[in-house]
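The values are calculated or read from the model by the stated rules, or taken from the named source; none is laboratory data. Not measured: the values here are computed from a predicted model. Every residue, glycine as well, gets a Cβ built from its backbone with ideal geometry; the counts of neighbours run over all protein chains shown.
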Amino acid sequence: MTTTNPPSWSPAVLNQVRSLTNEFNQIENIEGDNVDFPGSQSFDTSTNRLLNYLASEESNAMAPVALDATHPISDYYISSSHNTYLWGNQLYGKATTKAYQKVLERGCRCVEVDVWDGDDSDSDTSDSSGESGSDNEKEGGIKKLSRRFKNKIGLSKSKVEPQPKDTPVSSSSPPKGEGVGPSGLRRTVSKTEPRVLHGHTATKEVSFRAVCSTIRDYAFVTSDLPLIVSLEIHTCPAQQEIMVDIIRDLWAPYLVDLNAATGHDVSLPTLESLRKKILIKVKYTAPEAAKGTGPVVVSSNADPESGSEDESQETAVKKSHIITALASMGVYTRGCHFKDFDQPEAKLPNHIFSLSESKIIDVHKRDHSALFRHNKRFMMRVYPKGIRVSSSNLDPAPFWRMGAQIVALNWQYINAATMLNQAMFHATGGWVLKPEGYRSFHKAQSQITALDRGTLDLSIELLAGQDIGPADKKLNLYVRSELHIEDMEEITGGSLPEGGSTKEGQIKAASEVGSAGRSPSFGRQVLQFRAVPGVSEELTFVRFKIMDDDTFSRDNLVAWACYRLSRLQTGIRTMRLYDCEGQPTSGMLLVRISKNLEIQ
């Protein structure tokens, strides 16, 4: 909130403030200047002090967090996206550079780029920067998808997105028929360049160069902490050479020095040492293996070798050998195919295993302690299995509790998973230090011993709301709350609820409808969670959904807030709200929070 004078406060908030100051002669949990609120002569000093406090960042229910960047990068959770290039439907939407801009502006620190061979049959260009749109477009997309699956031709021959007009263009962008080598010298190459799309679907592609340009321009706008770019390679060796040229051309100032770490004995660097660096995650190929020619074909039902092919695809996925020049760019982030924790690659400090949600759950069942020990020292990425729709996503919390650093979510829609992700990474720069028991050199050997757990009593007294939801709608608001806690199956190595996906927390509470309008009074209703056992404060989350009560249809989500329990502050607080697009709003809830965790 940036409110600075009484007329901008809602009557509901002002009434609650008056009531609170009548209760206390001195508000002990507020620290601040005892200065009259501007233009508020009708209010006493305590009331003015409370209003000043509510208008400040100090009242935020979300506690600030200080970054300790001195640990190796495996000691952090990383805000990550899956199929980043898509904004809209994953079957017939559009690949677009705008999607990269959006997630980077929202704090994402690991983006995915699926790269395929260019198609020289494209004769024109079209602007794919917008979101997927009309019913006609959807209908056409479905027909096109059906035809492609039937014929098993795999790749779209749709139009490539041009370089965004509002994005600075590299001065060394080559004309058709030319490429730029690492020394800046031009050499003749194929006029076609690699493209980015969701393979074996009807999605429309965007050029790899345009994606790299957008990543360059937005990588460090909101954070100077390192950005991981996860490359999923489906290109032939000649197109990989073009990829290398484009990467060196556009990202040169941000790439890790290849000479800084050589061989297999490299140790992972600290987060601090990688500020404003782009780390490329790419499948590692030994130099002698990279000399092989031609693509190989693997079944999409096999374990993916380097990333996130959708396991629901029935068409075989073409996988190319990775050329040395490209593979060597994965200095600290070498993608390796997972077999077991005894394979030689599992001991290399700079490897990353990428496992689907179903695969990691299977590994967790077989040996959850081995999985935990691996993830304390090395990097692991978890990604969704199959095509995800608006209401479905990974629940990141169980995988964070397994120690996985990178849980790749679809950011195209706001749902429970993206809300939890926002709670984990709010105002952190996209990297969060793991709990102490999860770090490299701690003695904990399993989830059981890595966290302190206790019995939780949590109550949220709802006082009033302010500026919630759209101004042009008549609203009847109430609040749903959900507590996302560790399930005993996680600790003992059993199956995860909902197979790793979730829509709601395990424990729920809801208020009655408040007074009508965007700034309701809730009459001090209390949302309460009593004597909840086995709670670990650092990896438990509480989520609030502000709903519009609709008599004749399903109630609609209007706004939301979500908190990592360790960052939820007690006392009289303001909950700052997000809209259904994941954007911060001026709306807020005035609440009083009580929290007690008795460690067992």
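Rundown of residues vs (1) assigned to a loop (DSSP other than H, G, I, E, B); (2) surrounded by fewer than 15 Cβ atoms within 10 Å (Cβ to Cβ); (3) under 35 Å from the mean Cα position of the chain (by Cα); (4) modelled with pLDDT under 95, yes/no style:
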position	(1), (2), (3), (4)
43	yes, no, no, yes
48	no, no, no, yes
52	no, no, yes, yes
69	yes, no, yes, no
74	no, no, yes, no
77	no, no, yes, no
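Residue-level check: of (1) at pLDDT 95 or above; (2) assigned to a helix (DSSP H, G or I); (3) β-branched (Val, Ile, Thr), residue 449 misses just (1). Of all residues in segment 93-113, those satisfying the criterion of being surrounded by 24 or more Cβ atoms within 10 Å (Cβ to Cβ), of a type outside the set (A, V, I, L, M, F, W, C) and at pLDDT 95 or above are 97, 100, 109, 112.
Residue-by-condition table, conditions (1) modelled with pLDDT under 55; (2) surrounded by 15 or more Cβ atoms within 10 Å (Cβ to Cβ); (3) of a type outside the set (S, T, N, Q); (4) under 27 Å from residue 199 (Cβ atoms):
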{"position": "256", "(1), (2), (3), (4)": "no, yes, yes, no"}
{"position": "260", "(1), (2), (3), (4)": "no, no, yes, no"}
{"position": "277", "(1), (2), (3), (4)": "no, yes, yes, no"}
{"position": "283", "(1), (2), (3), (4)": "no, yes, yes, yes"}
{"position": "288", "(1), (2), (3), (4)": "no, no, yes, no"}
{"position": "299", "(1), (2), (3), (4)": "yes, no, no, yes"}
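With respect to the conditions (1) modelled with pLDDT of 90 or more; (2) not in a helix (DSSP H, G or I), residue 31 lacks only one, and its number is (1).
Go through the residues of segment 488-506 one by one and say whether even a single one is crowded, with 18+ Cβ neighbours inside 10 Å, at pLDDT below 95 and in contact with a Pro (Cβ under 6 Å, 6 or more places away or on another chain). Taking every residue of segment 488-506 in turn, at least one turns out to be crowded, with 18+ Cβ neighbours inside 10 Å, at pLDDT below 95 and in contact with a Pro (Cβ under 6 Å, 6 or more places away or on another chain). Every condition in (1) of a type in the set (Gly, Ala, Ser); (2) modelled with pLDDT under 95; (3) under 23 Å from residue 279 (Cβ atoms) is met by residue 179 except one, and the failing one is (3). Within segment 335-352, residues that are under 23 Å from residue 110 (Cβ atoms) and surrounded by 14 or more Cβ atoms within 10 Å (Cβ to Cβ) reach partners that are of a type in the set (S, T, N, Q) and modelled with pLDDT of 90 or more with beta carbons closer than 6 Å, at six or more positions or on different chains, in the pairs 352/333.
Yes/no matrix, rows are residues, columns are (1) part of a loop (DSSP other than H, G, I, E, B); (2) in contact (Cβ under 8 Å) with a residue 24 or more places away in the chain; (3) of a type outside the set (Val, Ile, Thr):
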site	(1), (2), (3)
457	no, yes, yes
465	no, yes, yes
468	yes, yes, no
479	no, yes, no
482	no, yes, yes
489	no, no, yes
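When residues in segment 50-84 are screened for being touching a residue at least 60 places away in the same chain (Cβ under 8 Å), small (Gly, Ala, Ser) and more than 21 Å from residue 432 (Cα to Cα), 1 of them pass. Checked against the criterion of being at positive phi, surrounded by 14 or more Cβ atoms within 10 Å (Cβ to Cβ), out of contact with any Asp or Glu (no Cβ under 8 Å at 6 or more places or on another chain) and not assigned by TED's automatic domain parsing to the domain that holds residue 400, segment 544-556 has no qualifying residue. All conditions but one from (1) among the hydrophobic types (A, V, I, L, M, F, W, C); (2) surrounded by fewer than 19 Cβ atoms within 10 Å (Cβ to Cβ); (3) in a loop (DSSP other than H, G, I, E, B) apply to residue 404; the one that does not is (2). Restricting attention to segment 443-465, the residues that are over 18 Å from residue 538 (Cα atoms), crowded, with 19+ Cβ neighbours inside 10 Å and not aliphatic (A, V, I, L, M) total 1.
Residue 445 meets each of the listed conditions (1) touching a Leu at 6+ places or on another chain (Cβ under 6 Å); (2) in contact (Cβ under 8 Å) with a residue 60 or more places away in the chain apart from (1). Please work out if residue 385 is at pLDDT 95 or above and of a type in the set (D, E, K, R). When the stated conditions are applied, residue 385 does not pass them.
Scanning segment 549-593 for residues that are closer than 20 Å to residue 65 by Cα and in a strand (DSSP E or B) yields a count of 15. Within segment 335-353, being farther than 16 Å from residue 322 by Cβ and not in a loop (DSSP other than H, G, I, E, B) holds for 344, 346, 347, 353.
Residue 468 passes every criterion in (1) crowded, with 20+ Cβ neighbours inside 10 Å; (2) closer than 16 Å to residue 593 by Cβ apart from (2).
The set of residues in segment 517-538 being aromatic (Phe, Trp, Tyr) and within 30 Å of residue 403 (Cβ to Cβ) consists of 529 alone.
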